[in-house]
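Below is one structure; the comments refer to it alone.
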Amino acid sequence: MMDILEYLRKFRLEIEIISVNREDTLQKEHISVRWLDILSEEDSDKRKEKLLALWDAACGKEFVRVITYLKRHLIEVYLLLNKGELSLLYAIRNKTGSMYYYEGRFPDLTVRDQYLQDNWHKVPPGLQRFYEMMHNGFYYSSSGNMGLVPLQFLVKLGDQEWEILEEMEPPLEMNLNTSYGFFKNGMGDYLVLDLEKEDTAREAMLWYSQEEPECHLPFWDVVDEWTVLGIAE
């Protein structure tokens with residue numbers, strides 16, 4: 001465990017691995033009963049089994065590749081505390097034996113911006129369930145990339161300046177003010193949903209910082225494949 005903590009503190013100096021019984025820091029009223037049941041399980045195999053059952057219940061149809069990979073390669077999960085915020089660390093051993101660490105924050109819908117609060121029903125149902133039941137983001141722990149973005153850090157395209165817009169001929173296929181980057185790869189590129197689209201989950205966009213976007217993509221196929229690439233490298 002000390003090796004893991006040493007690794008984590010390369011990126012966040014104050015981070016801790018804590019027990020679910022740390023009453024002084026763990027505010028249980030902010031965590032669902034189902035999550036507390038998982039975290040309180042002392043047997044490692046049973047804890048992982050309960051955790052993966054929650055994945056299946058929340059987004060089993062959407063994250064098929066990710067869940068299959070976790071069932072085979074998840075070694076352990078740890079409760080993290082960093083500057084008063086709790087999250088769950090996934091220790092994953094890939095096929096070559098290397099360890100990778102992914103992180104998921106606990107669900108918190110209060111951090112959504114006003115537009116998302118008012119239009120949450122327009123978010124694809126599977127994505128709603130993920131943020132409500134599973135995690136507020138799920139990403140490579142050291143960088144925050146190659147995964148779903150926490151709601152408070154979502155990029156709204158209309159709030160940014162994009163040089164690529166000068167090369168795109170109007171009319172644009174999306175409304176920048178209703179388009180959010182829900183997945184990021186760490187290279188300035190996002191998988192974007194325009195919440196004004198009729199079939200949002202089937203009309204995702206790969207938004208590149210230096211190239212014109214790719215449109216009309218199946219959101220979950222891309223997210224599932226890219227997340228597995230992140231945890232299996």
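How many of the residues in segment 68-81 are surrounded by fewer than 16 Cβ atoms within 10 Å (Cβ to Cβ) and either in contact with an Asp or Glu (Cβ under 9 Å, 6 or more places away or on another chain) or small (Gly, Ala, Ser) (or both)?
Residues flagged as surrounded by fewer than 16 Cβ atoms within 10 Å (Cβ to Cβ) and either in contact with an Asp or Glu (Cβ under 9 Å, 6 or more places away or on another chain) or small (Gly, Ala, Ser) (or both) within segment 68-81 amount to 0.
Could you please tell me which pairs satisfy a Cβ distance under 8 Å, a separation of 6+ or placement on different chains, a first residue in segment 59-76 that is touching a residue at least 60 places away in the same chain (Cβ under 8 Å), and a second residue that is polar (S, T, N, Q) and part of a helix (DSSP H, G or I)?
Pairs that qualify, where the first residue is touching a residue at least 60 places away in the same chain (Cβ under 8 Å) and the partner is polar (S, T, N, Q) and part of a helix (DSSP H, G or I), are PHE63/THR227; ARG65/THR227; VAL66/THR227.
From the list VAL64, VAL33, exactly one residue is surrounded by fewer than 18 Cβ atoms within 10 Å (Cβ to Cβ) and at pLDDT below 90. Which is it?
When all the criteria are applied, what remains is VAL33.
State all residues of segment 73-113 that are among the basic types (Lys, Arg) and either under 17 Å from TRP55 (Cβ atoms) or part of a strand (DSSP E or B) (or both); if no residue qualifies, say none.
Selection gives ARG93, ARG105.
I need the full set of residues from segment 68-120 which are at pLDDT 90 or above and of a type in the set (Val, Ile, Thr), in order please.
Passing the criteria: THR68, ILE75, VAL77, ILE92, THR110, VAL111.
Take the residues of segment 196-233 that are part of a loop (DSSP other than H, G, I, E, B), in contact with a helix residue (DSSP H, G or I) (Cβ under 9 Å, 6 or more places away or on another chain) and more than 26 Å from GLU103 (Cα to Cα): which is modelled with the lowest pLDDT?
GLN210
Taking the condition surrounded by 15 or more Cβ atoms within 10 Å (Cβ to Cβ), more than 19 Å from the chain's Cα centre (by Cα) and not in a loop (DSSP other than H, G, I, E, B), does ARG47 pass?
Yes, satisfied.
Here is a check on your reading of the model: is SER98 surrounded by fewer than 16 Cβ atoms within 10 Å (Cβ to Cβ), of a type in the set (Gly, Ala, Ser), within 17 Å of the chain's Cα centre (by Cα) and more than 21 Å from SER32 (Cβ to Cβ)?
Considered against the rule, which asks whether it is surrounded by fewer than 16 Cβ atoms within 10 Å (Cβ to Cβ), of a type in the set (Gly, Ala, Ser), within 17 Å of the chain's Cα centre (by Cα) and more than 21 Å from SER32 (Cβ to Cβ), SER98 comes out as no.
Please pick out the residue among PRO150, PRO125 that is within 22 Å of ASN177 (Cα to Cα), surrounded by fewer than 17 Cβ atoms within 10 Å (Cβ to Cβ) and out of contact with any Leu (no Cβ under 9 Å at 6 or more places or on another chain).
Unique residue meeting the criteria: PRO125.
Do we have GLY126 as more than 26 Å from ASN82 (Cβ to Cβ), of a type in the set (Gly, Ala, Ser), modelled with pLDDT of 90 or more and not in a strand (DSSP E or B) here?
Considered against the rule, which asks whether it is more than 26 Å from ASN82 (Cβ to Cβ), of a type in the set (Gly, Ala, Ser), modelled with pLDDT of 90 or more and not in a strand (DSSP E or B), GLY126 comes out as yes.
The values are calculated or read from the model by the stated rules, or taken from the named source; none is laboratory data. As the structure is a computational prediction, the values presented were derived from the model and not from experiment. Quick reminder, even Gly has a Cβ in these numbers, built from the backbone with ideal geometry, and neighbours come from all protein chains shown.
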